[in-house]
Amino acid sequence: MLEVEVKYRLTDTGALVERLLTLGAQAKSPMAQSDLYFSHPARDFAQTDEALRVRSVGGESVATYKGAKIDTHTKTRREIETHLTDAPAFVQMLEALGFARVATVTKCRQPFLLAREGRTLEVSIDDVEGLGHFVEIEAMAQPADLQEARRCVTAAAESLGLEHGERRGYLEMLLQAQQPPTVG
């Protein structure tokens, strides 16, 4: 599957929630998410634009591989996920294989489901520790359906009045925010 996603920084989450509800979006239960990211022992994920994470929500954990972005306007990429029955053992296995912990991204997520053009989009308002508020609009697509999914996600962002998308992931933004300023 391909994940088609756009992300925007938010200054007014209340106004966005009102627009979502006006468009008929259904609010789901808010959740706390903890995303533990790993580096690969033989290649630099920052250079290859890939990611490997273990996401924990309550007592559930999912391992996710994200491939490199495949376009310049959205964050469309291959995504492979698997549910974990023993996340600590999986993390130990990764570390035994040479993967190293990079950082943990912690956020509170308020998801909404928005029906558009026969497709259900997930719209998530995130309060990311150390970064602030963002909204992500996401659809999953097969390669044959990719152009339509991109168009649908982009149209949803426009209907919500969102501008100036953010293509960096939370991990990249967090690592950049933690770097000391350069003295020139």
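Here, each number is a calculation from the coordinates, and none is a lab measurement. Since this is a predicted model, take the numbers as computed values, not measurements. In this analysis, Cβ positions are derived from the backbone assuming ideal geometry, glycine residues included, and neighbour counts consider all displayed protein chains.
Of the labelled options (i) 104; (ii) 141; (iii) 548, which one gives volume of the Cα convex hull per residue in Å³ as computed for this structure?
Computed from these coordinates, volume of the Cα convex hull per residue in Å³ corresponds to label (ii).
I need the trypsin sites (Lys or Arg not before Pro) found in segment 37-94, filtered to DSSP loop residues with at most 16 other beta carbons within 10 Å of theirs. All intermediate terms of the calculation are to be shown ahead of the outcome.
Details: sites: 43, 53, 55, 66, 69, 75, 77, 78; in loops: 43, 69, 75.
Those that pass, being in a loop and sparsely packed, are 43.
On a 0 to 90 degree scale, rounded to 10, what angle separates helix 13-22 from the longest Cα axis of the chain?
For 13-22 against the chain, the angle is about 50 degrees.
Could you give the radius of gyration (one decimal) and Dmax (whole number) of the Cα atoms in segment 45-144, in Å?
Rg then Dmax for segment 45-144, in Å: 15.3, 46.
For an R0 of 30 angstrom, estimate the FRET efficiency from the Cβ-Cβ distance between residue 92 and residue 166 and round to the nearest 0.05.
0.35
How high is the relative contact order of the chain? Use alpha-carbon pairs under 8 Å, at least six apart in sequence, and give a whole percent.
31
Roughly speaking, what is the centre-to-centre gap between segment 26-50 and segment 77-156 when only Cα atoms are used, to the nearest Å?
8
At 7 Å along the Cα-to-beta-carbon direction for both residue 46 and residue 155, put a label point, then send me their distance in nm to one decimal.
4.0
Residue by residue through segment 146-158, which ³J(HN,Hα) values in whole Hz follow from phi under the Karplus form 6.51 cos²θ - 1.76 cosθ + 1.60 (θ = phi - 60°), with glycine and proline marked x?
Once θ is set to phi - 60°, the couplings for segment 146-158 become 4, 4, 5, 5, 4, 4, 5, 5, 5, 5, 4, 4, 5 Hz.
Can you give the charge dipole size of the chain about its Cα centre, rounded to the nearest 20 debye, using +1 on the beta carbon of Lys and Arg and -1 on the beta carbon of Asp and Glu?
My answer is approximately 140 debye.
Using a 10 Å cut-off around each Cβ, can you sort 129, 163 from fewest to most neighbouring Cβ atoms?
If I rank by nearby Cβ atoms, fewest first, I get 163, 129.
Return the long-range amide H neighbours of residue 84 (sequence gap of 5 or more, or a different chain), with a cut-off of under 5 Å between placed amide H atoms.
61, 62, 63
So if R0 is 35 Å, what FRET efficiency would residue 108 and residue 147 give, r being the distance between their Cβ atoms, rounded to the nearest 0.05?
0.60
For residue 73 and residue 1 in the same chain, what is the full-extension length gain: residue separation times 0.36 nm, less their Cα-Cα distance, in nm?
So the extension gain works out to 24.1 nm.
Calculated from DSSP H runs of 4 or more alone, at -39500 (n - 2.57) each and per residue, what is the 222 nm mean residue ellipticity of the chain, nearest 500? Don't skip to the end; give the middle numbers.
Details: 5 runs with 47 residues, N = 184.
Computed ellipticity for the chain at 222 nm equals -7500 deg cm²/dmol.
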